[in-house]
Amino acid sequence: MNRKHLGRNERLIIPSTTHLYKACLHTHSTVSDGEYSPEEIKRQYQAFGYSVVAFTDHEMLRRHDELADDSFLPLAGLENAFWSHRYDRHEPEPHDRVHLNLLATRPDVVAQPWLDARQYVRYARRKKGLPELDATPEELAIARQEPHIGEHPDKSRYFDAETVRALVREAEVAGFLVALNHPHWSHLSLSDADAIEGLWALEVYNRDSELTAEPGENDDFYDALLRGGKNPGLCCLATDDTHTSDHIGHGWVNIWADRLDHDSIIAALRAGHFHASTGPEFHEARLADGILSVKTSPCASVRVLDEKGRVEVQEGNAAPDTPRTEWTLVLDHNPSGYVRLVAEDGHGGKAWTNAVAIPCLSA
Ligand SMILES: [Zn+2]
Ligand SMILES: [Zn+2]
């Protein structure tokens, strides 16, 4: 990962490094509606070789710093839900709503931007095996002792794009990286999503969505938002959205960072120093003078995309009979706007790089 050795026309997409940390950045524990306690989530993910788990319970920021050790870093976060402007309040089970994942960027971030006191009471009652009835004033008063900056906006009203943009800004000011979760599951249109600004990342894969009737992949949204230009440097995530054992170990990111500590991992996430995967891995990728050199785990194909769509490859991209690990792709023309790679292992597994901006390769 030595950028100073890059040539003028060279773009490093994935560095060669051994400092890799496997991470799940979207999980729900018994703090909200997950099956497992935070301790059990740590145990299960460590068994799959993960070093980082972000605890993102619904509407509730809880730090689990006591779970940190030399081989494991817990990140604090939460998932917030807002109705989208497409929400029809008369549908029996609506889920046209914007879900934002918030990751705290500093250990001293303990207050969530918005508190949904009624939801807090629901989860508290569920934990005690009590019916999730309307909250009493006493219960709401206890809920409001949770550290927070403001009340969750009224969920019974619509949230237009301008409001969602304001919420993203509020979360950033409060010290969070903000990702847009599972847009297909949320029934967002491409233009709904493109109206949001200031996102750090987008889920290109969500395991929980895959287990429902909705597509688990959101690749089309990634290109739409990158082309839209309102979210510069937008990254892509694969996540489990863990609630039960069916979710664990299906979507992750590999982070490259100097070491496994909070500041290093957050800096790497902010900078996009990771790739998303549901199986294969990128080991190295660089673009120089129209030639893309890529190393992967055994894969059947590597696709190159830019803001105009798939980039034509003159040679090197023919599907081989046997999986390959080294790829030299001679591009037909320089990519426009950005370049990103998607590798497929031929067994349903994919890996996605973050998009790397290509300001003007031929200059
Ligand atoms: Zn969600
Ligand atoms: Zn979730």
Exercise for the section: Return the total of residues in the range 27-66 being in contact with a Phe, Trp or Tyr (Cβ under 9 Å, 6 or more places away or on another chain), more than 16 Å from ligand 1 (Cβ to nearest atom) and either in a helix (DSSP H, G or I) or over 21 Å from HIS250 (Cβ atoms) (or both). Expected result: 10
Completion exercise
Filtering the range 58-74 down to residues that are among the aliphatic types (A, V, I, L, M) and either surrounded by 18 or more Cβ atoms within 10 Å (Cβ to Cβ) or within 16 Å of ligand 2 (Cβ to nearest atom) (or both) yields MET60, LEU61, LEU73
Practice task
Would you mind telling me which numbered condition in (1) part of a strand (DSSP E or B); (2) at pLDDT 85 or above; (3) of a type outside the set (Lys, Arg) GLN314 fails?
Solution key: (2)
Exercise for the section: Please specify each residue of the range 233-259 satisfying the condition of being on the phi < 0 side of the Ramachandran plot and either within 16 Å of ligand 1 (Cβ to nearest atom) or without any contact (Cβ under 8 Å) to a residue 60 or more places away in the chain (or both). Expected result: LEU237, ALA238, THR239, ASP240, THR242, HIS243, THR244, ASP246, HIS247, HIS250, GLY251
Fill in the blank from the handout: Restricted to the range 6-42 and to residues being under 28 Å from ALA271 (Cα atoms) and of a type in the set (D, E, K, R), the residue farthest from ligand 2 (Cβ to nearest atom) is ARG8
Exercise for the section: Considering every residue within the range 223-233, establish whether at least one is within 16 Å of ALA54 (Cβ to Cβ) and at pLDDT 95 or above. Expected result: no
Exercise for the section: Among the candidates ALA124, ALA161, ALA193, single out the residue that is touching a helix residue (DSSP H, G or I) at 6+ places or on another chain (Cβ under 9 Å) and without any contact (Cβ under 8 Å) to a residue 24 or more places away in the chain. Expected result: ALA124
Practice task
Within the range 67-106, count every residue that is assigned to a loop (DSSP other than H, G, I, E, B) and either in contact with a His (Cβ under 6 Å, 6 or more places away or on another chain) or modelled with pLDDT under 95 (or both).
Solution key: 12
Exercise for the section: Answer yes or no as to whether VAL302 is in a strand (DSSP E or B), more than 27 Å from GLU35 (Cβ to Cβ) and in contact with a strand residue (DSSP E or B) (Cβ under 8 Å, 6 or more places away or on another chain). Expected result: yes
Practice task
Could you please find all residues in the range 203-222 being modelled with pLDDT of 95 or more and either hydrophobic (A, V, I, L, M, F, W, C) or in the same structural domain as VAL342 (by TED's automatic domain parsing) (or both)?
Solution key: VAL204, PHE221
Exercise for the section: Run LEU331 past the list (1) over 23 Å from the mean Cα position of the chain (by Cα); (2) surrounded by fewer than 18 Cβ atoms within 10 Å (Cβ to Cβ) and report the number of the one that doesn't hold. Expected result: (2)
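For (1) under 16 Å from ARG340 (Cα atoms); (2) in contact with an Asp or Glu (Cβ under 8 Å, 6 or more places away or on another chain); (3) away from ligand 1 (no atom under 16 Å from the Cβ); (4) assigned to a loop (DSSP other than H, G, I, E, B), each residue gets a yes or a no:
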| site | (1), (2), (3), (4) |
| --- | --- |
| THR163 | no, no, yes, no |
| ALA166 | no, no, yes, no |
| SER186 | no, yes, no, yes |
| ASP192 | no, no, no, no |
| ASN231 | yes, yes, yes, yes |
Handout entry: Subset of the range 194-221 that is within 24 Å of GLU170 (Cβ to Cβ) and assigned to a helix (DSSP H, G or I) - its residue that is farthest from ligand 1 (Cβ to nearest atom)
Key = ASP194
Exercise for the section: Look at THR27 and say whether it is modelled with pLDDT of 95 or more and under 23 Å from the mean Cα position of the chain (by Cα). Expected result: yes
Exercise for the section: Taking the options GLU151, GLU146, name whichever one is among the acidic types (Asp, Glu), closer than 20 Å to ALA54 by Cβ and under 30 Å from the mean Cα position of the chain (by Cα). Expected result: GLU146
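The values are calculated or read from the model by the stated rules, or taken from the named source; none is laboratory data. Computed from a predicted structure; not experimentally measured. We place every Cβ from the backbone using ideal geometry, glycine too, and count neighbours over all the protein chains shown.
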